[in-house]
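What follows is one structure encoded as structure tokens, with my remarks underneath.
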Amino acid sequence: MSNELKTRITTGEVRLSFPKLAEPRAGEEGKPGRYEAVLIIDKDEKDTIKRINNAIDNAIEAGASRLAGKKVKKRPLKDGDDSDREEYEGCMYLNSGNTDKPKCFDVDAEEMIDKEEIRNDLYAGCYVKAVISFRTYNHEGKVGVSVYLHGIKKTGDGDRLAGSSPVSASDFDDDDV
């Protein structure tokens, strides 16, 4: 293994939640927007969880000078059983993002460029693999580890998660009034 600490990994199959991949979420005044996604990792995906934890540890070690002696108290990988979101139960999860647009690929490994295609294919509930990296921060008294999202490849369809059902023009038919 090289002397460089590994802080970038490709996950095993995970589930996508709250994807903002076609265009960035608006940033605060004067700051760029961010592309984001929550990655839900089944607790049986022990290899992915181990690689994530190792990459977080490596990022903390590599960023020790940036932390200026402060300890990271909150890790980015969270236990879904402690969340109020039902779909996270029995899973781990982490929030990932980037100001740079992550590369998006379909199940055939073809890059998706069209925003509408990205919105339709990479929905909350589908299964993906993600390329992510970890880096420490020490900003305005807060220290921690950020999760950068570099790419997403869809691996399969899944049940849409709550709040993500599509709407069509037929939903507005007068018959329901």
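Could you size up the charge dipole of the chain around its Cα centre, putting +1 on the beta carbon of Lys and Arg and -1 on that of Asp and Glu, and report it in debye to the nearest 20?
Details: 29 positive and 36 negative charges, 364 e Å.
The dipole of the chain has a size of about 1740 debye.
Once amide H atoms are placed 1.01 Å from N in the peptide plane, what residues at a sequence separation of 5 or more from residue 105, or on another chain, have their amide H within under 5 Å of its amide H?
Those lying under 5 Å, H to H, from residue 105 are 112, 152, 153, 154.
Per-residue HN-Hα couplings for region 114-131, Karplus 6.51 cos²θ - 1.76 cosθ + 1.60 at θ = phi - 60°, whole Hz, x for Gly and Pro?
Computed from phi, the couplings for region 114-131 are 5, 4, 5, 4, 4, 4, 6, 8, 9, 9, 5, x, 6, 9, 8, 10, 10, 9 Hz.
Tell me, what HN-Hα J-couplings in whole Hz come from the Karplus equation 6.51 cos²θ - 1.76 cosθ + 1.60 at θ = phi - 60° for each residue of region 136-152, using x for Gly and Pro?
So the Karplus estimates, Gly and Pro as x, are 6, 9, 9, 9, 6, x, 9, 10, x, 10, 8, 10, 9, 9, 9, x, 9 Hz.
Charges on Cβ only, +1 for Lys and Arg, -1 for Asp and Glu, centred on the Cα centroid of the chain; of 67, 48, 16, which one is farthest towards the dipole's positive end?
67
Among the trypsin sites (Lys or Arg not before Pro) within region 39-74, which fall in a DSSP loop and have no more than 16 other Cβ atoms within 10 Å of their own Cβ? Don't jump to the answer; show the numbers that get you there.
Working: sites: 43, 46, 50, 51, 66, 70, 71, 73, 74; in loops: 43, 70, 71, 73, 74.
Sites meeting the loop and neighbour criteria: 43, 70, 71, 73, 74.
Can you give the three extents of the C-alpha atoms in region 66-171 along their principal axes, from longest to shortest, in whole Å?
That works out to 56, 31, 24 Å along the principal axes.
Local charge sum around residue 25 (other residues, Cβ-Cβ under 13 Å, Lys/Arg +1, Asp/Glu -1)?
Working: positive: 20, 31, 34, 101; negative: 23, 28, 36.
Combined, the nearby Lys, Arg, Asp and Glu give +1.
Express the relative contact order of the chain as a whole percentage, based on alpha carbon pairs under 8 Å and six or more residues apart in sequence. Don't skip to the answer; put the middle values down first.
Values: 352 pairs, mean separation 50.2, N = 177.
After rounding, I find 28 percent.
If you average over every viewing direction, what projected area does the convex hull of the Cα atoms of region 66-116 give, in nm²? Numbers along the way, then the final one.
Numbers: hull surface 26.9 nm².
Computed as one quarter of the Cα hull surface, the answer is 6.7 nm².
Search the structure for amide H atoms under 5 Å from the amide H of residue 147, placed 1.01 Å from N in the peptide plane, and list their residues when 5 or more places away or on another chain.
Amide H to amide H, under 5 Å and 5 or more residues apart or across chains, residue 147 pairs with 97.
Amide H of residue 126: which non-local residues (sequence gap of 5 or more, or other chain) have their own amide H closer than 5 Å, using H built in the peptide plane?
For residue 126, the qualifying residues are 16, 158.
Where the centre of each part is set by its Cα atoms, how far does region 10-66 sit from region 82-154, in angstrom?
About 6 Å separates the Cα centre of region 10-66 from the one of region 82-154.
Determine ³J(HN,Hα), in whole Hz, for all residues of region 93-102 in sequence, where each value follows from phi through the Karplus function 6.51 cos²θ - 1.76 cosθ + 1.60 and θ = phi - 60°; x replaces Gly and Pro.
8, 8, 8, 10, x, 6, 7, 7, 5, x
Give me the percent of Cα-Cα pairs in the chain that sit more than 27 Å apart, rounded to a whole number. Walk me through the numbers before you get to the answer.
Values: 5003 of 15576 pairs.
When every Cα pair of the chain is considered, 32 percent fall beyond 27 Å.
Beyond 23 Å between alpha-carbons counts as too far, so tell me which of 31/153; 78/129; 20/129; 73/103; 70/103; 20/153 fall in that bin. Write down the numbers at each step before the final one.
Details: 31/153 28 Å; 78/129 18 Å; 20/129 16 Å; 73/103 31 Å; 70/103 34 Å; 20/153 14 Å.
The answer is 31/153; 73/103; 70/103.
Using only the alpha-carbon atoms, what does region 9-93 span along each of its principal axes? Please give whole angstrom values in decreasing order.
36, 32, 25
FYI, it's all coordinate maths here, none of it is from the lab. Since the model is a prediction, treat every value here as computed from it, not as a measurement. Cβ: placed from backbone, ideal geometry, glycine included. Neighbour counts: every protein chain shown.
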